[in-house]
Amino acid sequence: MRLTSSTREKTTGRPRLRKKRLFFLLALILLIAVLLSGIHFLSSFQALQNRTDWAKSLRTAPQTDSINYLLYGLVDNNEETTIKEMFFLNYPASGGPFHIIFIPGEILLHRLEEKNGTFESLSGEENGEKGLKPFYTPSHFYNEGGAELLIKQISFFLDAPVHHYLEANYTGIPGLVDHRGGIPYKGYVLKGQDYFDYFLKGESKEEPLEKALRRVSSLGNLVKFLGEKKGITSISRIIREASPYFKTDLSWKELKEFHENLEPLFNPQGLIIQLPGSWRDLNGESFFEPNYSQLAMMMENLGKEFILPRELITVQVLNGSGVAGIASKVGELLRGEGFQVIKVDNADSFEYQCSRVISHFEQIEPAKEIAMLIPGAEFFKEPSPDHPVMITVIIGKNFSL
């Protein structure tokens, strides 16, 4: 058979048409895959958001001079939930410095109810114990009424609204670590349960705040490690696997913006305010009992540039001049001004020519107030979160009462 030119054109045109169709189908499949990945990505984020009526109602709580967030971590164990630590974040509407208050999971609280615009502690009569006001821990509230009751009682306790919350269930950590084949640690690759044991217990005796901040830092490092595998499908899969262990009222866009404001929790130089109170042993366990009067003074300053009252500012006064009894006299002076002087001692030398006021945390307003009371004092800022006091005063030779 002899092919004409028109026949040859039709014959060679069919493969090109098939290639164009194949290319179009591949592009369409790729587009659908990208769209599905995007949908899974968004749905994974949306799975984190609590859209129940009570969670939505948090946004309608009174907003005076600030927006408040409650962050907490918990562990599920044998159908019981234990709250490990909580952080109350206060963001002034003015855009000024925000505050982070640490609330230990072992805190002892009274159960409060709002009546006629005030908060009243339930007596033991409601619980069959006449004349007694029983204590509760955050874990008690959570096991009874979930996040809703916990947030309500913490809000009553602080006498401050909670507008948003973020719950992290640490129980999901082993599975997430094993999903990535383990996590590097000091030259070893830890499996999920081994990393989880370290996450909860640490390596040595730690103070409650120190332990809580280590967990927060470890959680941040874990999220960063899980996100190292690139690609939208990988991120979506990680978020989808992690979503059962995180709950929040924030949308994914709000969560992204909020994450950028969490630097102080990961910054060891940042000031984390501890609640006023003391630890005590009950039946062999250690619990924190808050000082309600000092807490009330602290919360009155919420939304201001600095919220700690003078009664909560810890100070040490050191004699750097060699004049006998001068440090004790200055200590009494500062106590009379309302500061909490917890140590009076000699400095490392008696050759300080000028007095010094040293702030051991970022917010310097209290140290400036003390410097005003020490004529001729030089002011220094030396952030040290592990320092036993907030401010050190060294009395030099230029000081006189």
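Quick look at the numbers
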| item | result |
| --- | --- |
| Region 277-296, subset surrounded by fewer than 11 Cβ atoms within 10 Å (Cβ to Cβ) and of a type in the set (S, T, N, Q), residue nearest to E207 (Cα to Cα) | S278 |
| Residues within region 363-373 that are touching a helix residue (DSSP H, G or I) at 6+ places or on another chain (Cβ under 9 Å) and surrounded by fewer than 21 Cβ atoms within 10 Å (Cβ to Cβ), tallied | 2 |
| Whichever residue in region 181-209 is assigned to a helix (DSSP H, G or I) and touching an Asp or Glu at 6+ places or on another chain (Cβ under 8 Å) and, among such residues, is nearest to G277 (Cα to Cα) | P208 |
| Wholly enclosed helices (runs of 4 or more DSSP H) of region 282-401 bearing at least 2 residues in contact (Cβ under 8 Å) with a residue 60 or more places away in the chain and either among the β-branched types (V, I, T) or in the same structural domain as D65 (by TED's automatic domain parsing) (or both) | 292-300, 326-336 |
| Residue check, Y91 surrounded by 13 or more Cβ atoms within 10 Å (Cβ to Cβ), modelled with pLDDT under 85 and within 20 Å of the chain's Cα centre (by Cα) | yes |
| Meets criteria (charged (D, E, K, R), part of a strand (DSSP E or B) and either closer than 19 Å to E85 by Cα or modelled with pLDDT under 95 (or both)) for E129 | no |
| Flag for L333 being of a type outside the set (G, A, S) and either in contact with a helix residue (DSSP H, G or I) (Cβ under 7 Å, 6 or more places away or on another chain) or closer than 17 Å to I100 by Cβ (or both) | yes |
| Of all residues making up region 220-269, the number that are hydroxyl-bearing (S, T, Y) and at pLDDT 65 or above | 4 |
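The values are calculated or read from the model by the stated rules, or taken from the named source; none is laboratory data. Predicted, not measured: the structure shown is a model, and the values here were computed from it. Every residue, glycine as well, gets a Cβ built from its backbone with ideal geometry; the counts of neighbours run over all protein chains shown.
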